[in-house]
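One structure is given below, encoded as structure tokens.
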Amino acid sequence: MSSVVFFGGCNFRCPFCHNRELVVGWEGLPDLSLRDILSYVKGQKKWVEHIVVTGGEPTIQRDLVGVLRAFKGEGLSIKLETNGSRPEVLRAIIEEGLVDHVAMDVKGPLRDYNRYCGTDVDRGKIEESISILEEKKVEFEFRMTVVPFLHKESDVYEVATFLKGRGPLILQNFRPKNTLDPAYLFIEPLSEERFAEMNRKIDAICKRGSFDKALQPPSP
């Protein structure tokens, strides 16, 4: 079992984000001290062995390293969820052994990244974070939330082809709930059948290397 620690504040403005309060207006949320969090974790040690650090975007926090050190001091394994925008922070915490698993969101094909993220993004830093994880010094996964209207189906297969051989890609179906852009509340997520079919094609891409090859029937 895991406890989840949410950090307020994010340097992206993804319109489909469903943690709206952690992106805008987060200053008004209750603020917990590290001492309070550690006290809670210690009280739950019989059941909780893991911490998930998420946001917002944890890597923009001023003393993320200190927080992770404190969690490690309690013997907890740590999963970090990040948008990959600060590779220097990602490398530092991996090199120090402060995380056991990293889940990095890949918003879509890099050529349209500003559109997916709602702000100007240094795409070079996203690629650098991918390369850091590709070194396999820590367990990791890439994740992509598939948003109808925002993404074309071909965008998903383009991302899968780009990440082929670099690490596992996990698809997440969009949830029209509490979105940063209220217009996204009216977007229907993919049906279970279509989402399952998309995952099947992603598996084929991972085995055969590209979307075009994935569409070809297997050799007899």
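Every number in this text was worked out from the coordinates using simple rules, so none of it is lab data. Everything numeric in this text was worked out from a predicted model, so none of it was measured. Cβ: placed from backbone, ideal geometry, glycine included. Neighbour counts: every protein chain shown.
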* Structure fact -> Going fewest to most other Cβ atoms within 10 Å around each Cβ, Tyr116, Tyr40 line up as Tyr40, Tyr116
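Relative to the present Cα-Cα distance, how much length would full extension add between Asn114 and Arg13 at 0.36 nm per residue of separation?
35.4 nm
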* With 18 Å as the limit, write out which pairs from Lys45/Lys136; Lys152/Lys201; Lys107/Lys152; Lys79/Lys164 have Cα-Cα distances beyond it, or answer none. => Lys45/Lys136; Lys79/Lys164
* Which ordering of Lys125, Lys107, Lys42 is given by a fewest-first count of other beta-carbon atoms within 10 Å? -> Lys42, Lys125, Lys107
* Asked: Can you list the residues, at least 5 places off or on another chain, whose amide H is less than 5 Å from the amide H of Gln172, using H built in the peptide plane?
  -> Met144, Thr145, Val146
* Asked: For helix 123-134, what angle does its Cα long axis make with the longest principal axis of the chain, in degrees from 0 to 90 and rounded to 10?
  -> 80 degrees
* Structure fact -> Quick calc: nm separation of the 7 Å Cα→Cβ label points for Leu32 and Leu185 -> 2.7 nm
* Label-point separation in nm, His101 to Arg194, each point 7 Å along Cα→Cβ -> 3.0 nm
* Averaging sequence separations of C-alpha pairs under 8 Å and six or more residues apart, then dividing by the length of the stretch 86-192, give the relative contact order as a whole percent. => 28 percent
* Which of the lysines could a cross-linker bridge to Lys177, judged by Cα under 17 Å and excluding same-chain residues fewer than eight apart? -> none
* Contact order relative to length of the stretch 2-215, as percent, for alpha carbon pairs under 8 angstrom and 6 or more apart -> 21 percent
* Asked: With θ set to phi - 60° and the Karplus curve 6.51 cos²θ - 1.76 cosθ + 1.60, what are the ³J(HN,Hα) couplings of the stretch 135-149 in order, to the nearest whole Hz, using x for Gly and Pro?
  -> 5, 6, 8, 8, 5, 7, 8, 9, 10, 9, 8, 8, 10, x, 5
* Sequence-separation-based contact order of the stretch 1-95, relative, with Cα cut under 8 Å and 6+ spacing, percent -> 35 percent
* **Order of Arg62, Arg91, Arg86, Arg111 - criterion: other Cβ atoms within 10 Å of each residue's Cβ, fewest first** => Arg62, Arg111, Arg91, Arg86
* Can you work out ³J(HN,Hα) from phi for every residue in the stretch 101-114, in order, using Karplus 6.51 cos²θ - 1.76 cosθ + 1.60 and θ = phi - 60°, giving whole Hz and x for Gly and Pro? -> 8, 10, 10, 10, 6, 10, 6, x, x, 4, 4, 10, 4, 4
* Whole-Hz ³J(HN,Hα) from phi, Karplus 6.51 cos²θ - 1.76 cosθ + 1.60, for the stretch 21-36, glycine and proline x -> 5, 8, 9, 10, x, 5, 4, x, 7, x, 9, 9, 7, 4, 4, 5
